[in-house]
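Bear in mind these aren't lab numbers, they're just calculated from the coordinates by the rules spelled out. Note that the structure is predicted; figures quoted are calculated from it, not measured. Counting neighbours? That spans all protein chains shown, and the Cβs are built from the backbone with ideal geometry, glycine included.
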Amino acid sequence: MMRPAKLLAGAFGLFRALPVLLGTAALLGLLPVLHSHALQPEPAGVTPPAHSSRALVAVVESITTAPQVLHESRPGSTAPKNTSTAAGHGKVRKSFPVLEFDYKHVRIPFEIALWILLACLMKLGFHVIPTISSIVPESCLLIVVGLLVGGLIKAVGEDPPILNSETFFLFLLPPIILDAGYFLPLRQFTENLGTILVFAVVGTLWNAFFVGSLLYAVCQIKGTGLTDIGLLANLLFGSIISAVDPVAVLAVFEEIHINELLHILVFGESLLNDAVTVVLYHLFEEFATFDTVSITDIILGFLSFFVVSLGGVFVGVVYGIIGAFTSRFTSHIRVIEPLFVFLYSYMAYLSAELFHLSGIMALIAAGVVMRPYVEANISHKSHTTIKYFLKMWSSVSETLIFIFLGVSTVAGKHRWNWTFVIGTLIFCLIARVLGVLGLTWFINKFRIVKLTPKDQFIIAYGGLRGAIAFSLGYLLDVEHFPMREMFLTAIITVIFFTVFVQGMTIRPLVDLLAVKKKQETKRSINEEIHTQFLDHLLTGIEDICGHYGHHHWKDKLNRFNKKYVKKCLIAGERSKEPQLIAFYHKMEMKQAIELVESGGMGKIPSAVSTVSMQNINPKTLPVERILPALSKDKEEEIRKILRNNLQKTRQRLRSYNRHTLVADPYEEAWNQMLLRRQKARQLEQKMNNYLTVPTHKIDSPTMSRARIGSDPLAYDPKPDSENLPIITIDPASPQSPESVDLVNEALKGMGHLPPSPEEDEDEEGLVMRAKEPSSPGTDDVFTPGASDSPSNQRIMRCLSDPGPRPDPEEDEPFIPKGQ
């Protein structure tokens, strides 16, 4: 019995180890092709072009240059040999080659494909083994794989490849930033934009100058061997190492599922500090080549920050508008719709890098501007293609970046200095903590939702460094910065510490501190309605108070967008569609896609709205209640009718928008109609509650019943009113509900104000007359006074009885109607 169990356990272990075996096989296939001239680091001081860029140059040259002798490059070409043989030159014709080996022809794409395959197999293997991925972040495991691969390549006598800066900035970084910018949570980002800018600009400047100045002070200590490093070099190193890396933040924060506020604060800081890093990097790099730095140079360097940041945003906005406008005309060619999104975004990044502007901010601006208009124009299949292609592209790029960080650590030249490396690590941690604490103390004075000490700890602890710092350090010129190797060693040390130590311990710290995590809830129509209502309410409050905050400017921008921009960038009726209906269609399609992916669409009729699908259980739905499926044309026609009716209803109702408060010519008629309806409801209520409404002189129920039971009186209607309703009271059983019959009410008998002329016909009512008492002295409980008339006394006795209360089990009302 134990032998099959052991076999099954061994088979399951082999299946789980399959991705690791495949990765090893890919690595072994990679080793033979790593020839000494194929993938080796370039000499120091020279910026080597990436292999991808070499491939592109070779392709471009092959396209632009016509092949002069095509058959000479093909060893297997037999046409010239056959011709020479026919001419009678006497040459022996070789046999036709059945199999050839030409590695040089496919070397570059083959090696790139092998590296990507290795990265994907490693990523697959980590997720197959959940025990490892739940403890160690994926970025740490990928760096370890890179270290192992680099060590193995070096062990066989080859030179491992180094993460080239051009390859990183031109090919690996844009997919990650485009994915983050295109799917950026815009509402959370705009609501916390002030806090993000303070952390990104002021915090990065503080970190750069704090670390750079303290390192310069350390370098002045004799005996450290660092006295040749000047102030500008230390400030340049401080600007490189101070920026939070968006790739590392995404890799760690998406795994711990932190709440939206902390995620957008740290990730937004890592995106927007790119402008500060680029400006400081180029500024100190240029200043290092100057003999003297004047005040004019400092002022120009300060102005360059606004040029780099705002210029990058401007370039991204321009390309985003062009991409949205292009998507208006793709209704007949749906296949190329996703391509426009990728091309315009990448062109925005390259155009920004062309002028040394912030390419990251250009990509973010292009994605944010383009998305709402492009999604309104393109098909849902194109939207799905964009979503999954960006996710796949960014995931592969992120995996390659961390693997090549490990490989470059083994392949690069290092210069270790304990004082400089340990000082850099300690100063980075101190600067981050002090910067977050000081800036949060200032920010909390202006925030409604304050940042708690737990939030401040997570923000300070989440300041991770990554491949951007390594690539910027690799770009340094050895001629002007001979200490580049020591800088790279210190940068790699800080990256490994933040990714391994902080990245591995942030998850248990979040659980230990009970920090609020992200709630995976789906947004509903109810939430959207209340969100819009609160936005309008806060905008009105700001207008009343005379304080124009971000709600006021947001409302102005939304009105301008709805009035002008949507008409130019969105095709068809979608440009005039209200925001609520647009959100309804978006949510409906999202739920439909989820149903199709889960396989539950076949059990649910297509005519039922998918907005309320969560309230329908397909398994318990009766078969006879399933509606017949409608055609797509009929379904679209029904939706169009509903959409038009909703819009007309919204226009027909009275508007309370503060922008459209104009004189309504039908307002007086509306008021009159409402008053008449109110009077009619009041009259109907009085008629239905005739016997249950007490008089002004309220007596106890016991006294009232005693009066009616002791007074043998009967009330008859007028002899000339045969069709008038009758009220009869049986003295024998005054508590019986069957003895009371109410059909109408006489307002005159109740002593109310005289009715209006419109209600004369309804005021005829009942006229009640009492019979003469047979024995006036039999009323032992109540004796009428001298000032009271007998008729008023009897009517009050009748009306003062509220009647018996019905039991809860009774279905019939207390006063049956129509009798």
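Legend: ranking of residues L534, L429 from fewest to most surrounding C-beta atoms inside 10 Å; resulting order L534, L429. Annotation: peptides 141-148, 399-406, ranked by per-residue average of other Cβ atoms within 10 Å with the highest first, follow the order 399-406, 141-148. Once a ≥ b ≥ c are taken as the square roots of the eigenvalues of the Cα gyration tensor of the range 437-561, is the result rounded (a/c under 1.5), prolate (a/b larger than b/c) or oblate (a/b not larger than b/c)? Taking the square roots of the gyration eigenvalues as a ≥ b ≥ c, the range 437-561 is prolate. The mean sequence separation of alpha-carbon pairs under 8 Å and at least six residues apart, normalised by the residue count of the range 273-347, gives a relative contact order of 29 percent. Of the residues V279, L215, I258, the one whose Cα sits farthest towards the positive end of the charge dipole of the range 167-296 is L215 (charges of +1 on Lys and Arg Cβ, -1 on Asp and Glu Cβ, taken about the Cα centre).
Charged side chains reduced to their Cβ positions (Lys and Arg at +1, Asp and Glu at -1) give the range 377-534 a dipole of some 480 debye around its Cα centre. Descending by average beta-carbon neighbour count within 10 Å, the peptides 451-464, 672-685 line up as 451-464, 672-685, the highest first. Working from Cα pairs under 8 Å separated by at least six residues, relative contact order for the range 457-563 is 22 percent. By the gyration tensor of its Cα atoms, with a ≥ b ≥ c the square roots of the eigenvalues, what is the shape of the range 379-484: rounded for a/c under 1.5, prolate for a/b over b/c, or oblate? Oblate shape, in that a/c is at least 1.5 and b/c is the bigger or equal ratio. The shape of the range 153-255 comes out oblate: with a ≥ b ≥ c from the C-alpha gyration tensor, a/c is at least 1.5 while a/b does not beat b/c.
A simple packing score, the average count of other Cβ atoms within 10 Å per residue, orders the peptides 263-275, 438-450, 407-419 as 263-275, 407-419, 438-450, with the highest score first. Shown in residue order for the range 311-326 are the 3J(HN,Hα) couplings computed by the Karplus curve 6.51 cos²θ - 1.76 cosθ + 1.60 at θ = phi - 60°: x, x, 5, 4, 4, x, 5, 4, 5, x, 5, 5, x, 5, 5, 5 Hz (x for Gly and Pro).
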